[in-house]
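The values are calculated or read from the model by the stated rules, or taken from the named source; none is laboratory data. From a predicted model like this one, the values you see are computed outputs, not experimental measurements. With ideal geometry, Cβ positions are generated from the backbone for all residues, glycine too; neighbour counts draw on all protein chains shown. Protein only, heavy atoms only, side chains kept; ligands, DNA and RNA dropped before computing areas. Shrake-Rupley method; radii C 1.70, N 1.55, O 1.52, S 1.80 Å.
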Amino acid sequence: MLLITGASRGIGAATARLAAGRGWDLALNYQRDAAAAEALAAEVRSLGRRAITVQADVADEGQVVRMFECIDAELGSFGSLGGLVNNAGVVDQPERVEAMSAERVQRMFAVNVFGSFTCAREAVRRMSTRHGGSGGAIVNLSSSAVRSGGAGQYVDYAAAKGAIDVFTLGLSKEVAGEGIRVNAVRPGITDTEIHASGGQPGRAWQMAPQLPLQRPARAEEIAEAILWLLSDAASYTTGALLDVSGGR
Ligand code: NAP
């Protein structure tokens, strides 16, 4: 079974659709939109795969622990967790660093970094051969903002994704001998609702002229890279930070 956090829309939902088509059973995490998660689960089941929805705010350790227990209960004795996509992530309104509240920066790191950290911890406890598991793969969602730095927009977000890159490198080495590969995908500007949630609904297409490929990515194009990293085709790839950014 594959757990995708933040699966109710955007890159997470696209990853779920692609994963179901490639034979994964799915645990679909969402924070607020139960109806969207349920509709996606129904789509996955129509493709002949198992799917459960699990509500949890990934920034809340207790909720993450309960989410994994819920997945354990669903799997029972006839399955195991084989993959995790740490996809849940947030941006905020464009602001310069000197205007940022501590509360904003804490939320940015709580969701984007600590959430991924806690979910990976719980996944490693289940997948590592050191703990009797059968191995697996973790894919973290970083961002091309790591290379731009997000100046004038969201340096906090870029810094949080920078932490994800280092987390990916370190964890990959820690569990490489225990059957777990850990990689990150660094999407460029992708056409999802995340831009509206940061107060810039038209951002993805407004930026198109500045992008080498002259358009933002579709969520499915990011999902393809995630699915490859999860698959056996990427069996010798771990600790990689894969740019899927249209040449930017
Ligand atoms: P999106 O459309 O805004 O979707 C984000 C998903 O994460 C939603 O399902 C949201 O659910 C969920 N989520 C947010 N906070 C959560 C929390 N605390 N706990 C659990 N779920 C939570 O975003 P996206 O564009 O698909 O982005 C997915 C990932 O790719 C993020 O990590 C993002 O940073 C990264 N990324 C995106 C782009 C881009 O241009 N779109 C570029 C680079 C990297 P709720 O609404 O219910 O909270």
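The table below lists the values:
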item	result
Descending semi-axes in Å of segment 77-190, equivalent ellipsoid built from Cα gyration tensor	30, 13, 11
Selected from 233, 159, 151 as most flexible by GNM, with the chain as the system and alpha-carbon contacts under 10 Å	233
Most to least accessible of 70, 119 (protein chains only, probe 1.4 Å)	70, 119
Rounded to the nearest 20 debye, dipole of segment 114-226 from Cβ charges on Lys, Arg, Asp, Glu	240 debye
Accessible heavy-atom area order of 228, 24, highest first, probe of 1.4 Å	228, 24
Peptides 91-104, 7-20 ordered by average Cβ neighbours within 10 Å, highest first	7-20, 91-104
Cβ-based net charge around residue 226, under 14 Å, with every Lys or Arg adding one and every Asp or Glu removing one	+1
Degrees, to the nearest 10: 34-46 long Cα axis against longest axis of the chain	50 degrees
For segment 167-215 versus segment 1-60, the gap between their alpha-carbon centres in whole angstrom	19 Å
Heavy-atom SASA rank of 57, 165 (probe 1.4 Å, accessible area, largest first)	57, 165
Size descriptor, Kirkwood hydrodynamic radius, that averages inverse alpha-carbon separations across segment 9-101, Å	14.6 Å
GNM flexibility winner over the chain from 137, 196, 145 (Cα, springs under 10 Å)	196
Relative intensity, log₁₀ I(q)/I(0), of the chain from a Debye sum that treats every alpha carbon as a point, q = 0.11, 0.12, 0.15 Å⁻¹	-0.53, -0.64, -1.02
Average accessible area per residue (Å²) across segment 11-66 - probe 1.4 Å, nucleic acids and ligands excluded	45 Å²
Share of carbon and sulfur in the accessible heavy-atom surface of the chain [1.4 Å probe, %]	52 percent
